[in-house]
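The structure appears right after this line, and notes come after that.
What follows draws every value from the coordinates through simple rules; no lab data is involved. Note that the coordinates shown come from a computational prediction; the quantities given were computed from them, not determined experimentally. Quick reminder, even Gly has a Cβ in these numbers, built from the backbone with ideal geometry, and neighbours come from all protein chains shown.
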Amino acid sequence: MDTQPLRFVRHGQVVTLPAVAPQRTLLEVLREDLHCTGTKEGCNEGDCGACTVVVAEPHGDRLQYRAVNSCIRLAHSIDGMAVWTAEDLAAADGTLHPAQQALVDSHGSQCGFCTPGFVMSLFGLYQNHVGTAISREQAQEALSGNLCRCTGYRPILDAAQAMQALPAAPVNEAEVLSKLQLLAQEGRASEADSAYIPPRTLPELLAARARHPEAQLVAGSTDVGLWVTKQLRQFGRVLDLTRVAELRRVEPYPHHIAIGAAVTLTDAFAALVADRPHLAEFAHRFAGLPVRNSGTLGGNVANGSPIGDSMPLLIALGASVVLMRHGAKGPRHRELALEDLYTGYRQNVMRPDEVLAWVKVPKATASEYARVYKVSKRREDDISAVCLALALHIDQGVVRRASIGAGGVAATPARARQTEAALLGQPWTQATVNHALQVLRAEFTPLSDMRASSSYRRTVLGNLLQRFWLESQGTIATDLQQLHPCATAQEAAP
Ligand SMILES: Cc1cc2nc3c(=O)[nH]c(=O)nc-3n(C[C@H](O)[C@H](O)[C@H](O)COP(=O)(O)OP(=O)(O)OC[C@H]3O[C@@H](n4cnc5c(N)ncnc54)[C@H](O)[C@@H]3O)c2cc1C
Ligand code: FES
Ligand code: FES
């Protein structure tokens, strides 16, 4: 089966690689084919950030830069983009890039494994904040996907805030954009039956899905990438939906937001947070930035992990999914409530020729009180042990509507219908909550696994409902954001 040549811009030059197999990762291509061993392999599963590179695509008349994990990113997914590795930053005369120099100046460079990844996350941050100051929070966000095992974060964060003050080292965007434009115009020979199919339009995607239902469908490959690196799976053919123009859009409507299946988690959460600012903390805790920069909301929902984070939230908010397939008379679609997508552990109602095209999320209303809680072993870059999302509509002290999504407590993301029934029509009081939390604890039979025991999960479920009640009463001390463990005794005093 033919594979089209892989083409991208690196160091101002077009790189063309023939015959790259569909499941090869970007990291393999960089290290093994291009011998760029500056980009490191640590965990090979998106966790440590040692393999971080920056990719860029045209966005209007500028470039949009994104730090991503090259270890789980399929190489062909960057065709037609620009890429930078830690070896591409220093000037020809050896002058270090500000991201590198600041790391040296701040004594932030320690082991040779993590440092290239930290440098690339800093480079992504630098390019996205040209000429503007970087706050500590922005630095932490940018480095959320980079692990340092020697506890050297403080100097690295210092470097992030210091690099903009050094002499500027701008990317020659005009040159990169013109090369990318040439690649786009050049196009590729017919890809409809190739080993890596990247359709550009929705009809093309649906036709390819119908013609090749056996092909491995991928979006950001932050789940699929691990099947390649950890389970050593081979794919005869890959169907990549991330180039489909219609599915790369977030579309606002009067009563809902439609998020296309190719929209990254970064952009999808930005849209959700714009409508419901209280989701910012939850969005920040979904994996780390490089995973959110590649992974999609559609991929999270379609993958259907019982501990996937977005689904409890989407269930509580009343989201639906639009499934599409190719039909003789044009595209066919059906829409269903998100919780109705799942039939069992990682199983769903999607036909082999169908794709999840849109996630539709109702907009917030004035009467909604909604919160989502994630309990995980690690605060950053970790998936949930338990996730609980609640959306209540309370009118004159009475619960008029309740929708509750739960993760980590059943074989699929689940809706807590019995608990909803226990709340509906009841006065919003501690007594009602006391009863509902018993119902919630009894409603599910969670598994014990490496993340948590069954009884812990049950206990936590009820505790989170109690927390929701307290927060609805204006108690904010339950919010971890309010705790400052590093504060001195004097600072912590009321
Ligand atoms: C380090 C790390 C941390 C993570 N942290 C979290 C976390 O905190 N919370 C969490 O929930 N998840 C987490 N994940 C899992 C993963 O990032 C998410 O599930 C992500 O949303 C998957 O999206 P994707 O686009 O990468 O999907 P892919 O990996 O491309 O696809 C996943 C599956 O969905 C299918 N699929 C994708 N798109 C569609 C579509 N449109 N229609 C039909 N099928 C489709 C694919 O065929 C595949 O079976 C983490 C992953 C890593 C590597
Ligand atoms: S090697 Fe650890 S994130 Fe890629
Ligand atoms: S910089 Fe590598 S362990 Fe800290």
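Per-structure values
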| read-out | value |
| --- | --- |
| Scaled radius of gyration (Cα, divided by 2.2 N^0.38 Å) that region 153-295 gives | 1.32 |
| For region 190-364, size of Cβ-based charge dipole, Lys and Arg +1, Asp and Glu -1, in debye | 160 |
| Along each principal axis, Cα extent of region 262-319, largest first, Å | 26, 26, 19 |
| Region 319-414: C-alpha pair distances exceeding 16 Å, % | 68 |
| FRET efficiency, 1/(1 + (r/R0)^6) with R0 51 Å, evaluated for D93 and S472 via beta carbons | 0.25 |
| Computed [θ] at 222 nm, helices only, for the chain once each DSSP H run of length n ≥ 4 contributes -39500 (n - 2.57) | -8500 deg cm²/dmol |
| By average C-beta atoms within 10 angstrom, highest first, the peptides 464-475, 10-21 | 464-475, 10-21 |
| Where Cα atoms sit under 29 Å apart: lysine pairs in the chain separated by 8 or more or lying on different chains | 8 |
| Residue order, fewest to most beta carbons within 10 Å, for D2, D353 | D2, D353 |
| Modelled FRET efficiency - R0 35 Å, A19 with Q181, Cβ distances, 0.05 increments | 0.85 |
| Cβ charges +1 (Lys, Arg) and -1 (Asp, Glu), total dipole of region 367-494, debye | 360 |
| Size of charge dipole - region 6-165 - debye, nearest 20, with Cβ of Lys, Arg +1 and Asp, Glu -1, no other charges | 100 |
| Taking N as its residue count, the alpha carbon Rg of region 212-337 over 2.2 N^0.38 Å | 1.10 |
| Three-way shape label, region 367-494, alpha-carbon gyration tensor, a/c 1.5 | oblate |
| Positive-end residue, region 367-494 charge dipole about Cα centroid, Cβ charges, pick of A442, T475, G462 | A442 |
| Segment T365-D193, extension gain: residue separation times 0.36 nm, minus the distance between their alpha carbons | 57.3 nm |
| Whole-number D in µm²/s for region 6-165 (Stokes-Einstein; Kirkwood sum over Cα pairs; 20 °C, 1.002 mPa s) | 135 |
| Chain lengthening between D395 and A337 when straightened (0.36 nm per residue, less Cα-Cα) | 18.4 nm |
| The chain - percent relative contact order, Cα under 8 Å, separation 6 or more | 11 |
| Shape call, the chain: gyration tensor on alpha carbons, a/c limit 1.5 | oblate |
| Global geometry of region 1-77, whether rounded, prolate or oblate, following the gyration tensor of its Cα atoms and the 1.5 cut on a/c | oblate |
